[in-house]
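What follows draws every value from the coordinates through simple rules; no lab data is involved. Keep in mind the model is a prediction, meaning the values are calculated, not measured. All Cβ positions, even for glycine, are placed from backbone atoms using ideal geometry, and neighbour counts span all protein chains on display.
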């Protein structure tokens, strides 16, 4: 579906620029060039040689006014004959255009390519989005909102199996609606999934400025870790807003903070951070599995293998979906201690 309005105009610009020497605006065209019927010297006086169709005006029938080519000394026939052919007719502007070489299509810039975005699968309509997300797009023109919604939905569909493709869809949505928080959020999350940590951090900061949400802090902190700034990750982990997080979000921030401590060689501090988390929760949710696994892994890194073995077993006991390799890690430790 092609959009009308400013977005469609941008998409359709490609290949529509008139080539030099067009019939109405070129240097030698029939309506405005020096070789037109109203030029000095009659109908053929300053008509330029088309040189294969290019109608740039020269002073001679085949010569160049600046001496770049020999003059054509062939006599013109009576009655304004063309090219020495008595009674001949000068080719019409449409005939000249038929012989003009078409201007080569310019390569799309990176910005234009991002605006175009990847092809949208026909089965993705935008209706897949959450109602709250669709509500944020209502301020856009109808067709533009529909296109942005489809790109956002595609980003959500591909983020697990092809995060780079998801990121490209999110960029296409951002190119059309960069002032909408949910669009910047999608760009940030897909950039994070694709490993573009600097871009993810920038997009999530923008989203946070727009809507004041703090849900992005764990991902932002992990981006700092990935970019080699564990101190900044810890600083975000200590944000007052973390106290109001859901249990899952708190667990995510705990994991990032503990990882940052390990990055800095502070294993004891990493263990203390994890011990403050609900490791003994009766829940079998993924966040509990991940907390236990991180604790067991850090215990092993600290040389406490017996304790690590016990926590790998406790992790495996609730990891029904096999999110971790806790069973294999426990088996390796048992062999080492045998």
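Using a basic spin-label model with each label point 7 Å from the Cα along Cα→Cβ, how many nm lie between residue 302 and residue 280?
About 1.7 nm separates the two model spin labels.
Run the numbers on the stretch 212-338 and let me know its relative contact order in percent, using alpha-carbon pairs under 8 Å that are six or more apart. Let's see the in-between values first.
Working: 141 pairs, mean separation 20.6, N = 127.
With pairs under 8 Å counted, the relative contact order is 16 percent.
From the Cα gyration tensor of the stretch 183-278, with a ≥ b ≥ c the square roots of its eigenvalues, which class applies: rounded if a/c is under 1.5, or else prolate if a/b is larger than b/c, or else oblate? Show your work: numbers first, answer last.
Values: a/c = 2.26, a/b = 1.45, b/c = 1.56.
Note, shape of the stretch 183-278 comes out oblate.
Largest first and to the nearest Å, give the Cα extent of the stretch 120-246 along each principal axis.
Principal-axis extents of the Cα atoms in the stretch 120-246, largest first: 44, 27, 24 Å.
What distance in nm separates the two pseudo spin-label positions at residue 247 and residue 322, each 7 Å out from Cα along the beta-carbon direction?
2.6
Once you have the Cα-Cα distance between residue 127 and residue 331, take 0.36 nm times their residue separation minus that, and quote the gain in nm to one decimal.
Values: separation 204, 0.36 × 204 = 73.44 nm, distance 4.69 nm.
Extending this stretch completely gives an extra 68.7 nm.
Within 10 Å of each residue's Cβ, count the other Cβ atoms and sort 324, 315 from fewest upward.
Least crowded to most crowded, the residues run 324, 315.
Set the Förster radius R0 to 30 Å, insert the Cβ-Cβ distance between residue 266 and residue 209 as r into 1/(1 + (r/R0)^6), and round the FRET efficiency to 0.05.
Working: r = 32 Å, r/R0 = 1.05.
About 0.40, to the nearest 0.05.
Could I have the simple spin-label model distance between residue 164 and residue 116, label points 7 Å from Cα toward Cβ, reported in nm to one decimal?
Inter-label distance under the simple model: 1.8 nm.
Can you tell me the length gained on complete extension of the stretch residue 338 to residue 178, counting 0.36 nm per residue apart and subtracting the Cα distance? Before the final figure, lay out the partial values.
Details: separation 160, 0.36 × 160 = 57.60 nm, distance 5.93 nm.
Extending this stretch completely gives an extra 51.7 nm.
Rounded, prolate or oblate: which one fits the stretch 151-205, using the alpha carbon gyration tensor with axes a ≥ b ≥ c (rounded when a/c is under 1.5, else prolate when a/b beats b/c, else oblate)?
Details: a/c = 2.01, a/b = 1.14, b/c = 1.77.
It comes out oblate by the Cα gyration axes.
Calculated FRET efficiency, residue 238 and residue 146, Cβ-Cβ r, R0 45 Å, to nearest 0.05? List each step's numbers first, then the result.
Details: r = 42 Å, r/R0 = 0.94.
For residue 238 and residue 146, the calculated efficiency is 0.60.
Give the Rg (one decimal place) followed by the Dmax (whole number) of the stretch 234-338, computed from C-alpha coordinates and expressed in Å.
When restricted to the Cα atoms of the stretch 234-338, Rg and Dmax are 13.8, 47 Å.
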